[in-house]
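For reference, the structure discussed in these notes is given below.
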Amino acid sequence: MRHYDQGQSRRTKACAFLIAIVAATVALFLSMRWTVDGALADSSAQVPDVPPIPKVIAGKPYSVTPGESPGTWVVKWGDQSMLWKAQPWMEDRQQKLGPAFIAQWATPGLPFPFEVPIAERDKIPVSEIPDRCLTFSYYGPYYNNGWDISPIIVHLPDGSIRTSSLTLEHYTSFVNGNGKQYLASTDHNVQRKYMWELTAPEELRGEGGVTTVYNDPTLVPEDTLYLPTVRRTRRLAGAVAKQYFPGSIYRYEDVSYSGALPQLDYKITGFKLWDPSDKLRGFNNEGIPANVKRVSGAGEVVAIMEVTPKPGISWWYAKRIEYVGLISMCTYYTEEYDASGKMIRQFTHLPITGANENVHVGGPDGPNNAPRWWQMWGVACVVDLEGGFVMDGWIQKGGFNADSSPSIYSETTLAAQPMTLVEWLSH
Amino acid sequence: MRIRYRGASYLGVFLVGLVLLSSKVAEACQTFDEYGITTCLTFFSSAYINLPDERRTVFDANTETFFTRHPDNLLFQNNQLLALFDGNPEKLSEAVGFPIHWHLEMRPTYDSTYDATGFGQGTYHSYLSSLATNVSGSMQDNYQPLFREYYVDLHPKHFFIRLGRQIIAWGKSDGVYMLDIINNFNLINPQIFNEQQIKIPVWAANIVWQPYPGGELQGIFIPQYYPTYYTGLQMKGGFPINGSYGDFTYGSVAAINNELNGSLGFKIPTDVNNPSSRLNNWVYGARWSEQRGSIHYTLNYLYTWTTGYIYYPNTGTYATATAVNLRPHRMNVAGGSADYEFNTGNPWIDGTVLRAESAVTIGDVYYEGNLGNPVDVTHWGILGGVDREILGDYLERPVFFSFQYWQDWVLHRNNECACGGNEDMFQGLGYQGSHSGLRGMYESLSTLYMDKTSMTGDVLDTSLSAVYEWQFHDWWLQPHVGYRISDNTTLGLGFNIYAGGKQTPYGEFTNTSNVFFELHQTLL
């Protein structure tokens, strides 16, 4: 039996070698690396180096003038005003340009979600706000795909680290006509696809999933979850928007179900000139590495959006107040309240742009030459005011228009359990 | 004894390594960008402690007599070091024009059960020591290889090609294996759910063609056969080396081993034949998978071998057998699987996922009647499952609920059998001579799985798994709780509780019901 096995083992290895050669040869003949249709990605809009400041926002005059000391600016909107100061954690260009940096997203000719003239943005229907200002701020619909590797750290009330994870993400939105190579002919009504995978901690390594979100908000997004212990992808039971995203204290509502939800009512209650407190998580140096530069919404005019569960709906908050930048079309901050009116949570979101040194085009080692106005999420923090937990997530390295396969949103990608961005994007 | 000391020294190396590496701040994996290599190092330890205190009767092959002895309280005490190496050779990828990735998984294991105790399984050290470690000995390249998975991934346009030793999972069922039989199992401890640990990796060319998003055609070519491995399969000099010395030896295995070793008054020699690696002995598989709207489905075909060796009597019947040949039998498996999620706008049913899997297996072999002569059968299995998150309105983290019903019909027997009574019935895993150990043409079981995470960061995970067989009336419960103390350390506690007749597939382990502990320590 043993001699027999040894002979067989030699033959087996020979056969395996033969298979390898044949397969590699076939692959070489068939191989012509896929190319992302870069022409579809919208990089044509021209944004001035120093964008002009809008004159009127939400019906009131808006102005920016230099402050008394260097690096400061006085921003006025209606009868409100603030003193803008550069912060070391801001992107370099924002530090240099001041509030005019934000004004780049008021440039005429920019695509959705910036196509509405700045003077008209206060009239955008409220039902569109969540998608325009969170979903498409996370990843813009004006490029073929966005991708990143992101640490997520959960802190105990005493500040020590409870859990940390590392997530790979790949995202495509189809609303501007980009990314069509990722859609099957049967993929009707799909707004976007999102894929994630944990590479750490070790206990969760390989866990991942694909979320497909539909244009019809009444359709529950489709979720799959890959479980490495059984090497199999499961359909996840849907309707989980209010639940925690695995391994974090984000909710699905914060991450992938970020559009207007049919269970909730939305209304705009007012506008204000936003001067965020430097005590807000993400708007200071606390918890985020110093090299993670990001965009502050300071000096923006924000819409104040109130979100409440529809009658009869049980939700994790009784009221949510969101502060939504009308110029950058970005939801920077939300605070949630329980039925007694007590604030129970804060969520902050600070995007990064194509000018960020951590952002690349084509792949992790690609050039740092994306259009400067392109946005993607950069930092997202949660402060749990009831439990005392704090969570920080940020993009360690990210970018646009990876040369990824049209079939990347597949079980095969998840089952391969990629470990790095390079490997992740090669699927 | 030499092997015993060697095993102990391996354990020492593990423990010293654990102490040394735990003393630093650990990260999950380390990437060396300059080399394009990622490495991970993890230690995993588990211990299964027997709860009932029953004596066990086993057969001594040397004296050809049965004897009764107190069983071992330590059923299983396994220590594993998992080292992963992954690389993306950029220059090679650029040279060939498409991305290439390689993976190597090394998993040395040592089970102290066979060395650490002076009674129970430790008493049978000379018989069972080959199960203790995969660093040397027969386990090394077969059912628990030291180098488990090692392969190269090629990513030419519209293709994913994986060449090397690997695990390939099919189907949409949990714990029921109709389509998912590409990798057979190491069932030394059949209670482990983590299939990454117990599936036997196979040499394979796994080629996936992705003609369009959502559609995939997979072709699988496997040149070498690895049978399912279980305690009692070990052979020496043409005879099984033990009857049921292992704590998880199936009753049917113990019974046939005892007979081969002389429990009927005479010994029956055996020989083992593996299929050669000629092309006509390879395993071939094809799978088409697609997402069409809300339905995800697969169509599968596999030309393969029975999952384990079949014990063929040389005369065609055990009534007159003087020798037994162990070899697998060819079988064809054709089937499919699908899942569907309700998305109707009705909150009562939306989010409910239906799963189905079915396969017709032609050429499988069951042991028929009291004699247990092997009979070629065609059988049809079908599974339906429903998954749903429940109590979502009341719990911050809802309960995942999953229920499955599986049934299997024997549609056709390809040869008639004079099987010594109870013809048309087939021996189950626990069969040792009684009618209660036989299944009919029809068999069914149900599974229930519930899981809930708790605490910030989902660091506490509680689950309950249950299996019930409708014909044998036996069942298996596994409650489990896992707590992630830190990113690097996870502790687990669980129970395996069995009930049912002594010759039923799960009931046979009633006296092996146990509590188990797990430690998962990330070192790098």
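Any read-out appearing in this document is the output of simple, stated calculations on the displayed coordinates, not a laboratory observation. Note that the coordinates shown come from a computational prediction; the quantities given were computed from them, not determined experimentally. Glycine gets a Cβ as well: all are built from the backbone with ideal geometry, and neighbour counts include every protein chain shown.
Between B:Thr57 and B:Thr317, 0.36 nm times their residue separation minus their Cα-Cα distance comes to what?
Separation in residues times 0.36 nm, less the Cα-Cα distance, equals 90.8 nm.
What order do you get for A:308-321, A:130-143 when each peptide is scored by the mean count of other beta carbon atoms within 10 Å, highest first?
A:130-143, A:308-321
Run down the aspartates and glutamates and flag those whose C-alpha is under 13 Å from the C-alpha of A:Lys397, throwing out any fewer than 8 positions away in its chain.
Partners within reach: A:Asp148, A:Glu169, A:Glu357, A:Asp365.
Positive end of the dipole of the protein assembly as shown, charges at C-beta (+1 Lys, Arg; -1 Asp, Glu), about the Cα centre: which of B:Gln432, B:Pro479, A:Phe101 has its Cα farthest in that direction?
B:Gln432
Is the range A:132-272 best put as rounded, prolate or oblate by its Cα gyration tensor, with a ≥ b ≥ c the root eigenvalues, rounded for a/c under 1.5, and otherwise prolate when a/b is larger than b/c, oblate when not?
Since a/c reaches 1.5 but b/c is at least a/b, the shape of the range A:132-272 is classed as oblate.
For chain A, find the longest principal axis of its Cα atoms and tell me its angle to the long axis of helix A:2-30, 0 to 90°, nearest 10.
Between helix and principal axis, roughly 50 degrees.
Among the lysines, which fall within straight-line cross-link reach of A:Lys310, defined as a Cα-Cα distance under 20 Å, with same-chain neighbours fewer than 8 residues apart omitted?
Candidates past the 8-residue exclusion: A:Lys242, A:Lys267, A:Lys319, A:Lys342.
Averaged over A:83-94, how many beta carbons belonging to a partner chain fall within 10 Å of each residue's beta carbon?
0
Separation of the range A:62-107 and the range B:429-464 by C-alpha centroid, Å?
63
Using unit Cβ charges (K, R positive; D, E negative) and no other charged atoms, how large, in debye to the nearest 20, is the dipole of chain B about its Cα centre? Can you show the working numbers first?
Details: 30 positive and 49 negative charges, 252 e Å.
Here the size comes out at about 1220 debye.
Let's see if you can work this out: charge +1 on each Lys and Arg Cβ, -1 on each Asp and Glu Cβ, no other charges. What is the dipole magnitude of chain A about its Cα centre, in debye to the nearest 20?
That gives a dipole near 620 debye.
With labels modelled as points extended 7 Å from the Cα through the Cβ direction, what inter-label distance (nm, one decimal) is found for A:Leu156 paired with A:Asp265?
4.3
Once Rh is set to the Kirkwood radius over Cα pairs, what Stokes-Einstein translational diffusion coefficient, in µm²/s, holds for the range B:464-524 at a temperature of 25 °C and a viscosity of 0.890 mPa s?
Stokes-Einstein gives a translational diffusion coefficient of 190 µm²/s.
Residues of the range B:367-382 with backbone nitrogen within less than 11 Å of a virtual label 7 Å along the Cα-to-Cβ line of B:Asp271, please, listed as ranges.
Within reach of a label on B:Asp271, which here means backbone N under 11 Å from a point 7 Å along Cα→Cβ, the range B:367-382 contributes nothing.
Please identify the longest segment of chain A free of exposed GluC sites (Glu not before Pro), where exposed means a DSSP state other than H, G, I, E or B and no more than 16 other Cβ atoms within 10 Å.
That would be A:116-285.
Under a point-charge model restricted to the Cβ atoms of Lys and Arg (+1) and Asp and Glu (-1), what is the dipole moment magnitude of the protein assembly as shown relative to its Cα centre, in debye to the nearest 20?
1180
At 7 Å along the Cα-to-beta-carbon direction for both B:Tyr405 and B:Glu94, put a label point, then send me their distance in nm to one decimal.
6.0
Going out from 0 in 10 Å bins, what whole percent of all Cα-Cα distances in the range B:152-293 drops into each bin?
Distribution as computed: 10, 29, 30, 18, 9, 3, 0 percent.
Rg to Rh ratio, the range B:378-524, alpha-carbon atoms and Kirkwood radius?
Taking Rh as the inverse mean 1/r over Cα pairs, Rg/Rh reads 1.11.
Over all pairs of distinct alpha carbons, what does the Kirkwood formula give as the hydrodynamic radius of the range A:386-427, in Å?
Numbers: mean 1/r = 0.0793 Å⁻¹.
Across the range A:386-427, the inverse of the average 1/r is 12.6 Å.
What's the center-to-center distance, using Cα atoms, between the range B:51-118 and the range A:296-375 in Å?
49
What FRET efficiency comes out for the pair A:Ala119/B:Gln30, r = Cβ-Cβ distance, R0 = 56 Å, nearest 0.05?
Numbers: r = 53 Å, r/R0 = 0.95.
Computed FRET efficiency for A:Ala119 and B:Gln30 comes out at 0.60.
A:Lys180: which lysines have alpha carbons under 21 Å from its alpha carbon, excluding same-chain residues fewer than 8 sequence positions away?
A:Lys193, B:Lys157
Counting pairs of Cα atoms in the protein assembly as shown, how many percent are more than 43 Å apart?
Value for the protein assembly as shown: 38 percent of Cα pairs lie more than 43 Å apart.
How are the alpha carbon pair distances in the range B:214-299 distributed across 10 Å bins from zero to the largest one, expressed in percent?
Pair shares across the bins are 15, 28, 20, 20, 13, 5, 0.
Based on the alpha carbons, how large is the Rg to Rh ratio for chain B when Rh follows Kirkwood?
Computed over Cα atoms, the ratio is 0.96.
Set the Förster distance to 45 Å, then compute FRET efficiency between B:Phe85 and B:Phe517 from the Cβ-Cβ distance, nearest 0.05.
About 0.95, to the nearest 0.05.
Among B:Ala169, B:Ala132, B:Ile222, pick out the residue whose Cα is farthest towards the positive end of the charge dipole of the range B:129-223, where Lys and Arg carry +1 and Asp and Glu carry -1 on C-beta, about the Cα centre.
Result: B:Ile222, furthest along the dipole toward the positive end.
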